[in-house]
1. Starting from residues that are of a type in the set (A, V, I, L, M) and modelled with pLDDT of 90 or more, keep the ones in the range 54-72 and report whichever is farthest from VAL23 (Cα to Cα).
2. Could you tell me how many of the residues in the range 1-22 are of a type in the set (Phe, Trp, Tyr) and over 16 Å from VAL73 (Cβ atoms)?
3. Look through ILE90, ILE81, ILE42 and report the one residue that is modelled with pLDDT of 90 or more, over 21 Å from VAL23 (Cβ atoms) and of a type in the set (A, V, I, L, M, F, W, C).
4. When only residues in the range 30-50 that are part of a helix (DSSP H, G or I) and either β-branched (Val, Ile, Thr) or in contact (Cβ under 8 Å) with a residue 40 or more places away in the chain (or both) count, which is surrounded by the most Cβ atoms within 10 Å (Cβ to Cβ)?
5. Would you pick out the residues in the range 51-67 that are among the aliphatic types (A, V, I, L, M) and either crowded, with 19+ Cβ neighbours inside 10 Å or outside any loop (DSSP other than H, G, I, E, B) (or both)?
6. Can you tell me which residue within the range 68-86, out of those that are touching a helix residue (DSSP H, G or I) at 6+ places or on another chain (Cβ under 9 Å) and farther than 19 Å from ILE12 by Cα, is least open to solvent (accessible area, probe 1.4 Å)?
7. Looking at VAL18, VAL23, VAL2, which one is in contact with a Lys or Arg (Cβ under 9 Å, 6 or more places away or on another chain) and among the β-branched types (Val, Ile, Thr)?
8. Within the range 1-19, take every residue that is open to solvent by less than 90 Å² (accessible area, probe 1.4 Å) and hydroxyl-bearing (Ser, Thr, Tyr) and give me the one that is farthest from ALA52 (Cα to Cα).
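The values are calculated or read from the model by the stated rules, or taken from the named source; none is laboratory data. Only a predicted model underlies this, so the values are computations on that prediction, with no experimental measurement involved. All Cβ positions, even for glycine, are placed from backbone atoms using ideal geometry, and neighbour counts span all protein chains on display. Heavy atoms of the whole protein, side chains included, go into the accessibility calculation; ligands, DNA and RNA do not. Shrake-Rupley method; radii C 1.70, N 1.55, O 1.52, S 1.80 Å.
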Amino acid sequence: YVYQHGLGTGIIRAFTAVPAHAVFGILMGYFMGKAKFSTNRIALNLTGLLAATVFHGAYDLFLFIDFIPGIAVGAFISLVIGIILSNKAIKKHQNSSRFKV
C-alpha cells in the first residue's frame, strides 16, 4: 500500500489505521467478553460484530469518498469516537473485574 501511495500515506496510516483497527477490536471484544458470561450470548456477540462493522465501515466510507472535499475528516471523527467508547468499555470491564489493580 505504501509502495503505491507513497511514504506520507504510510506514515498517516500508521497513526490512524493501526489504532483504528485496535479500537474496532476493543469494541467487538467488549461485547464478546460480556457474552462469555451471559445467557444472552448470541445478541451480545452480534452486537460486538455490528459495532466493529459500523465503526470500520464509517471509517472506510469517509476515506474512500473522494469527490467531496474534506470528507476524510469524518474518518478521524469516527476514530476519536471509537477511542472514547473503547476507553469507557475498558474502564467498565476493569471496574467490574474481580482482579482489580
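1. LEU61
2. Number of matching residues: 2.
3. ILE42
4. Just the residues of the range 30-50 that are part of a helix (DSSP H, G or I), to begin with: 30-36, 41-50.
Filter once more, keeping what is either β-branched (Val, Ile, Thr) or in contact (Cβ under 8 Å) with a residue 40 or more places away in the chain (or both): 30, 33, 42, 47.
Numbers: TYR30: 22, GLY33: 14, ILE42: 9, THR47: 18.
For the range 30-50, the residue satisfying everything is TYR30.
5. Scanning the range 51-67 gives ALA51, ALA52, VAL54, ALA58, LEU61, LEU63.
6. Pass one, the range 68-86, residues touching a helix residue (DSSP H, G or I) at 6+ places or on another chain (Cβ under 9 Å): 71-79, 81-83, 85-86.
Now narrow it down to the ones that are farther than 19 Å from ILE12 by Cα: 85-86.
On the way: LEU85: 70, SER86: 4 Å².
Selected residue: SER86.
7. Details: VAL18 fails: in contact with a Lys or Arg (Cβ under 9 Å, 6 or more places away or on another chain); VAL23 fails: in contact with a Lys or Arg (Cβ under 9 Å, 6 or more places away or on another chain).
That would be VAL2, the only listed residue that is in contact with a Lys or Arg (Cβ under 9 Å, 6 or more places away or on another chain) and among the β-branched types (Val, Ile, Thr).
8. In this case the residue turns out to be THR9.
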